[in-house]
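Student: So that we are looking at the same thing, I have put the structure below in structure tokens.
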Amino acid sequence: MPDEETGSFADAPRIVHPPPGPRSRELLAEQARLETDAVAYSHAFPMAIRRARGATIEDVDGNRYIDWVAGVSVLNLGHRPPRLEAALDRQRAEIWHALELPTEARAAFLRELDESLPGSLRHHARFLFTVTGGDAVETAVQLADFAQHRSGTVAFSGAYHGVHGGAVHLTSGRRYRAGSPFAGGRVIRVPYPDPYRPVLGADEGAAGTIAYLEHLVTDPGSGVDLPSAVLVEPILGEGGYVVPPDDFLPSLREFCDRHGILLLADEIHTGLGRTGRMWAVEHAGVTPDILCISNAIGGGLPMSVVAYRDDLVPRLPTGFHLGTYRGNPLGLAVGTEVLRLLREDDLLPRTAARGARIVDRFQAIGERHPSIGNVRGRGFMIGVEFVRDRASRQPWGERARSMRAALFARGVLMHTGGAWDQVMRFMAPLPIEDLLLERGLEAFEDALEELDTPVSAPPSPSHPPGHPPIGFPPPSTPGFGPPIGPPPPGPLPLGPDDPGGFSVALRHPR
Ligand SMILES: Cc1ncc(COP(=O)(O)O)c(C=O)c1O
């Protein structure tokens, strides 16, 4: 059960004033008056926040929401978990800003991160602190070009790597790049292998993508010079939680090795347990040469890091990619605890197993609702894609946005993504209580039922009134992605013995 002392608000979702409530309206109006029109999230979730706990948020009008957004994959351990709060309190009394000078907090963080790295990077990496995700990506690309004595980066369609002056040219969305005053480096765009929307071959796994890359670098007439690096998200994040075929990352690694190209993994969204492993590349057994880390590493405090192979460059010039806020002590203290919690607990295998069951649950809902064209995911990174009809697979962004609004009205926060905004993304904090998963899934189907039902039509006979059944659906119908992970062993455990709740997993050590 959710626990008021250490976990989520037990009564979420609780709507006492349909949002935005009166005080939220006042604060939103003030924000609109004083802040730029560029503010985005306040349109998606129009409310003002008072406080948060675990996997729940309370607004200033007393409404309580189940949070399936988690600060966009930043709060992988939820809001204010007690162990992170205690680490922050301890550091708060020591020092807040120390430039790059060593501190106990910095050393402890580096040791912990070194232990946590994937594959052969573990114990064979150097670290370069940055502040934001875009900052880390720019540094990684600069580092790759420096190490290779040439420039050029392969980046994928659907990619999101930030909107900094350089990083925005690696991001694929036109709307982000439009009007950027800064010159982009040499970016070679290649279609990401999306099994639901394939561009380079439908049934061949990643073979089409790799063949295209081979053509680019081996055909003297391809029009492309040999790039220094390939930059890849192991699962597309803002691009709509697209899980590539299993052979993609291994064959990308081989491609890079064949041609002396560096492999850069942007794990800003996928990293730190989000997919049920510490790093998403671990699912494929692939080690990148450079790893971009941000979002969840600071537990909500802004901090990012680039980890790179220690033999990549003999020496970097002093001040290479310098900055004032590199490795903030408060973020470092929290980050050490984030890494420890992820490594100590059984949180990661539980995330993988529960994620596979949630995929099944969304697929079962999709079987009753043809507006859902595809469900896919790994761990707690699950995409539910809306289409106008399953045959044409025409993206239906309006339906996803209507779902977001309908869920918000029911007290559940779930965000959209994808090129057309057509994908609803499940990215709850990993230790979320099972009860809140159940309530959120009920709200999801209820909202979809409402949107799918013509105003005057009688209730659908296929879906009995009340809750959808708990338990697991039969195998998916054609048109759905394959189930991911092992078949579910049984229903999500419910009730006070739930070992997944914040109340157990993240309690203060006594
Ligand atoms: C995969 C990925 N890379 C880079 C970024 C950019 O991070 P930031 O917004 O901190 O610059 C994001 C942000 O969502 C991301 O998801």
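Every number in this text was worked out from the coordinates using simple rules, so none of it is lab data. The model shown is predicted, which means the values in this text are computed figures rather than measured ones. Here the Cβ is made from the backbone with ideal geometry for all residues, glycine too, and neighbour counts use every protein chain on show.
Student: Mean residue ellipticity at 222 nm from the helices of the chain, using -39,500 (n - 2.57) per DSSP H segment of n ≥ 4 over the full residue count, to the nearest 500 deg cm²/dmol?
Tutor: Values: 15 runs with 167 residues, N = 510.
Computed mean residue ellipticity for the chain: -10000 deg cm²/dmol.
Student: Taking the simple approach of a point 7 Å from Cα along Cα-to-Cβ for both V72 and V39, what is their distance in nm?
Tutor: Placing both labels 7 Å along Cα→Cβ, they lie 1.6 nm apart.
Student: Can you sort T453, T132, T103, T275 from fewest to most other Cβ atoms within 10 Å of each residue's own Cβ?
Tutor: Values: T453 13, T132 19, T103 16, T275 27.
Starting with the residue having the fewest Cβ neighbours, the order is T453, T103, T132, T275.
Student: Report, to one decimal in Å, the Kirkwood hydrodynamic radius for the range 109-344 based on all distinct Cα pairs. Each step should come with its number before you reach the end.
Tutor: Working: mean 1/r = 0.0558 Å⁻¹.
Hydrodynamic radius (Kirkwood, Cα pairs) of the range 109-344 is 17.9 Å.
Student: Taking 7 Å along the Cα-to-C-beta vector as the label spot, tell me the A409-R174 distance in nanometres, rounded to one decimal.
Tutor: 3.3
Student: Taking other Cβ within 10 Å of each residue's Cβ, how do C292, C256 sort, fewest first? Write out the running numbers ahead of the final one.
Tutor: Details: C292 31, C256 22.
Taking fewest neighbouring Cβ atoms as first place, the list is C256, C292.
Student: I need the calculated FRET efficiency for the pair D246 and H97, taking r as the beta carbon distance and R₀ as 35 Å, to the nearest 0.05. Don't jump to the answer; show the numbers that get you there.
Tutor: Details: r = 44 Å, r/R0 = 1.26.
Between D246 and H97 the formula returns 0.20.
Student: By count of other Cβ within 10 Å, fewest leading, how are E26, E233, E433 ordered? All intermediate terms of the calculation are to be shown ahead of the outcome.
Tutor: Details: E26 13, E233 25, E433 29.
Ascending number of Cβ neighbours within 10 Å: E26, E233, E433.
Student: OK, next. Subtract the Cα-Cα distance of R393 and R340 from 0.36 nm times their separation in residues, and report this length gain in nm to one decimal.
Tutor: Extending this stretch completely gives an extra 14.8 nm.
Student: Would you mind getting me the FRET efficiency between E85 and A107? Use the beta-carbon distance for r and R0 = 25 Å, nearest 0.05. Before the final figure, lay out the partial values.
Tutor: Details: r = 22 Å, r/R0 = 0.88.
Efficiency, rounded to the nearest 0.05: 0.70.
Student: Rounded to whole Å and ordered largest first, report the semi-axes of the equivalent ellipsoid of the chain derived from its Cα gyration tensor (root of 5λ). Intermediate results must be reported in sequence, preceding the final value.
Tutor: Details: eigenvalues 247, 168, 95 Å².
Working from the Cα gyration tensor, I get semi-axes of 35, 29, 22 Å.
Student: May I pose another question? On a full-extension model of 0.36 nm per residue, what is the gain between R126 and A32, subtracting their alpha-carbon distance, rounded to one decimal in nm? Don't jump to the answer; show the numbers that get you there.
Tutor: On the way: separation 94, 0.36 × 94 = 33.84 nm, distance 4.34 nm.
Stretched out fully, the R126 to A32 stretch lengthens by 29.5 nm.
Student: So how do 410-421, 215-226 stack up, highest first, on mean other-Cβ count within 10 Å?
Tutor: Working: 410-421: 21.8, 215-226: 11.9.
Highest-to-lowest ranking by the protection proxy: 410-421, 215-226.
Student: Calculate, in nm to one decimal, what V163 and V199 gain on full extension: separation in residues at 0.36 nm each, minus their alpha carbon distance.
Tutor: On the way: separation 36, 0.36 × 36 = 12.96 nm, distance 2.55 nm.
Between V163 and V199, full extension yields an extra 10.4 nm.
Student: Right, another one. State the answer as a single residue: which of V230, L170, A207 lies farthest towards the positive end of the charge dipole of the range 164-241, with beta carbon charges of +1 for Lys and Arg and -1 for Asp and Glu, about the Cα centre.
Tutor: L170
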